[in-house]
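The values are calculated or read from the model by the stated rules, or taken from the named source; none is laboratory data. What you are looking at is a predicted structure, and each value in this text was computed from that prediction instead of being measured. Here Cβ is always computed from backbone atoms with ideal geometry, including for glycine, and neighbour counts include all displayed protein chains.
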Amino acid sequence: MTSPPDLSRLNARGRWPPPDGPRVAIVGSRRPSPYGEAVAEQLAADLARAGVIVISGLALGCDAAAHRGALSGGGMTIAVMGTGVDIVYPAAHFRLAEEILAAGGALVSQFPNGSLPRRHNFPARNVTMAALSDAVVVVEAVQGSGALITAEAALELHKEVMAVPGSIFSPLSVGTHALIRDGAGLVQNARDILAALGAQQEVLDDPLKATRRLGFELPANRDGLLIHLSDVLTVSAAELARKLHLPISEVLARLTSLELDGAVRRHGAGYVRALRRAKERA
Amino acid sequence: MLATVDSCVLAGLEARRVEVQADSANGEPKFFLVGLAATSVKEARERVRSAIKNSGLTFPGKRLTVNLAPAEMRKTGTALDLAMAVAIALAETGGRVPERSAFLGELALDGAVRHVDGVLVAARCLKKLGYERLFVPAADAEEAALVDGLEVIPCGNVAEVVAHLRGGEQIAPQPLTDAALESSTDVHEHDLAEVHGQEEARRAIEVAAAGGHHLLLSGPPGAGKTMLARCLPGILPPLELSEAFDVAQVRSLLGDLEPGRPIDWTRPFRAPHHGISMAGLIGGGSGYALPGEISRANHGVLFLDELAEFQANVLQALRQPLETGRVTITRSGGSVTYPALFTLVAATNPCPCGWLGDPVRTCRCTPAVVDAYQRRLSGPLLDRIDLQVGVRRVPLSELASEPHGETSAVVRERVLAARARQLARQGCLNAQLRPRRLRNLAALEPGSRHTLERWSERKGLTARGFHRAWRVARTAADLEGAELIADRHVLEALGYRLSDVAA
């Protein structure tokens, strides 16, 4: 493992150094399942409400979901970047970076201004993320994922490593399950993370009243199709039609109707049950 | 003496009349060819001289001038050979060709009349120009005979033609044989009954066939995208006479008609490789452009496999034909317009490695690469594809069992009925309805309008996307025989789009 840089000499934009308080890194795949994305967002929102500073890497997927969750929870979030702090990568996250700054957060980097995204920057950035945090939570990670580098670095730095379980059918949970098998803390909700941070009981009781359990939004008139859908793995319309012996045109129409109600989501060639978002975005 | 014989040269699907004048006069034996002849026509001098000599006719031992009028128009090709030979023969011995007759054909050195491309096109145009009789190569006679009201004289060699003209042994006109119009054996390579699973894609193909909608299939390698696409011709109705004639004309220009069976009733299915050039797909060539694959797919299916691998500019060039159903190409010779009214079926992988979104195998592409790959497809081209469907690999357990879907014949019945409804109502397929006609002809039930509007509000549907869903909903209703578009039709139509390829 590359040793972490001198944390007092990081370049930063925004509020830096951050105020005192527990800091948790939420990391995961850049291409998570709908489940992973929802988990990252939900955990970050709940942690932010409990006063935790959420750290992530401003990357696509889980990272962005974590930043967004923290913002919607009204908390401070720090993006640790693999580029100079003056260059937002990926460029599509320009607005997200602005929102982080506007909400009193910070963009930090160990690389000088003007540094472009280079392949070897990111593993070093992952180590920095671990060094800045009190705990690292891995949401979803395939084998060999960059999120696992952060977890490994956290172990070496004697930080808490935690992981979110997933489906045994999902390749995206192979990395997190390996972490749990090797002793990482199991994360089912934000309370698990706060407990691992050694938060006092009163801290745990009060803010967690606000945390909501992950769950499905149940529309008033539930469609029977819903119980055949998963919230982790996508199911195609064709599979549903086959299983239920329904005409495909009817299945498509009902799925679209559910999508319109926000109960299911399209993901690639299939559908998943929509998880309730931390905060319904317009 | 002077003799005049008519012929023509082709400019796309139009024929330009050419008057071939031959004059033999006293003087040094020489053969002049004037009248803006391109190299291919100048070479005719040698062919014509040998052909006349070897047919037992005499080539004038005088000063011979052949003029191709109008002299300001550039002439290419070998179809003028026969007219030149006849004019020279008549100039030597005297005699006239019958009124309103024209000659087409290339000559061999032994005097035989050889096949030329585009006889069907020439025959149709010459008929329109007022000609009543056409002398064509025997090999192309059946093709020319398809044109109603034109006497077609099949020519084996120059000697026969000259004898016929001088009142010697007459050549019988080519009748329109039943064989020429015979329906082709209705066997299609693929039948929907052979497809395992893929209910969504099967339904999309049925909707595409019924309404003439363009279709995009996106899925991993081996999901059966190509096989699904090849099932489409089998559920389309056979060509109408006028359509078959259109198809034959384009094929005639390219010299691609089957001898003895010029009319083919099956709809064209063209599947060009993704390395194809702009000229190959759209049409091109020097002088006047020749038709490309999109015109060969006229009234049929153009299948573009691996859509993202096609050159970007080639794909962009599809936009105009997709919109208008024809293509206009300008080359040095001038502009020509070819029909290009086809159903586009495109297939693509969701990402370069192909496995994005597969439940079992992991995609190895970085998000940036996936993004770049999908962006190549998005935008104006995708905007014009009404049906967009994700295809998944069928589980092995499913592949091992007997497929239990409907056969192409069953689906085709529904498609034919739906097409008949559309033609009776509006004279064209739903895919060709422009927004204004859509409003007049495709009434939405109040509930279904509400659904469509709610969707555009929530999901930010573009105006084009709005009309796309409306058109597809109309076809879904037609397949059901419904007068009004119900909610379920709109909802189904909205389902045919890919979230990860921009809508």
What's the number of the only condition in (1) closer than 20 Å to A:Thr234 by Cα; (2) in contact with a helix residue (DSSP H, G or I) (Cβ under 7 Å, 6 or more places away or on another chain); (3) more than 10 Å from chain A (Cβ to nearest Cβ) that B:Asp386 fails to meet? (1)
Do any helices (runs of 4 or more DSSP H) entirely within the stretch B:368-461 hold 1 or more residues that are farther than 23 Å from B:Arg497 by Cα, and if so, which? B:396-400, B:408-426, B:435-441, B:446-459
If you check B:Arg458, B:Arg454, B:Arg464, which single one turns out to be under 29 Å from B:Leu356 (Cα atoms) and within 10 Å of another protein chain (Cβ to nearest Cβ)? B:Arg458
Counting only residues that are over 12 Å from A:Val142 (Cα atoms) and not in a loop (DSSP other than H, G, I, E, B), how many does the stretch A:155-177 have? 6
Quick one: B:Leu281 ticks every box in (1) buried (at least 18 other Cβ atoms within 10 Å of the Cβ); (2) in contact with a Gly (Cβ under 7 Å, 6 or more places away or on another chain); (3) under 30 Å from B:Val136 (Cα atoms) bar one, so which box is it? (3)
Please indicate, with yes or no, whether at least one residue in the stretch B:321-328 is among the basic types (Lys, Arg), in contact (Cβ under 8 Å) with a residue 24 or more places away in the chain, surrounded by fewer than 22 Cβ atoms within 10 Å (Cβ to Cβ) and more than 12 Å from chain A (Cβ to nearest Cβ). no
Of the conditions (1) within 14 Å of another protein chain (Cβ to nearest Cβ); (2) at pLDDT 85 or above; (3) more than 20 Å from A:Val24 (Cα to Cα), the single one that A:Arg265 does not satisfy is (2)
Helices (runs of 4 or more DSSP H) wholly inside the stretch B:186-304 containing at least 2 residues that are within 14 Å of chain A (Cβ to nearest Cβ): B:199-211, B:225-231
Enumeration of residues in the stretch A:29-75 that are touching a Leu at 6+ places or on another chain (Cβ under 8 Å) and under 20 Å from B:Val370 (Cβ atoms): A:Ser29, A:Arg30, A:Arg31, A:Pro32, A:Ser33, A:Pro34, A:Tyr35, A:Gly36, A:Leu58, A:Ala64
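With the requirement that a residue be buried (at least 18 other Cβ atoms within 10 Å of the Cβ) and farther than 20 Å from B:Gly12 by Cα, what does the stretch B:35-48 give you?
B:Gly35, B:Ala44, B:Arg47, B:Val48
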Write out, first by first residue and then by second, each pair whose Cβ atoms fall under 7 Å of each other, whose residues are 6+ apart or on separate chains, and whose first residue, in the stretch A:231-242, is within 8 Å of another protein chain (Cβ to nearest Cβ) and under 11 Å from A:Arg266 (Cα atoms) while the second is crowded, with 21+ Cβ neighbours inside 10 Å and β-branched (Val, Ile, Thr). A:Thr234/A:Val272; A:Ala237/A:Ile248; A:Ala237/A:Val251
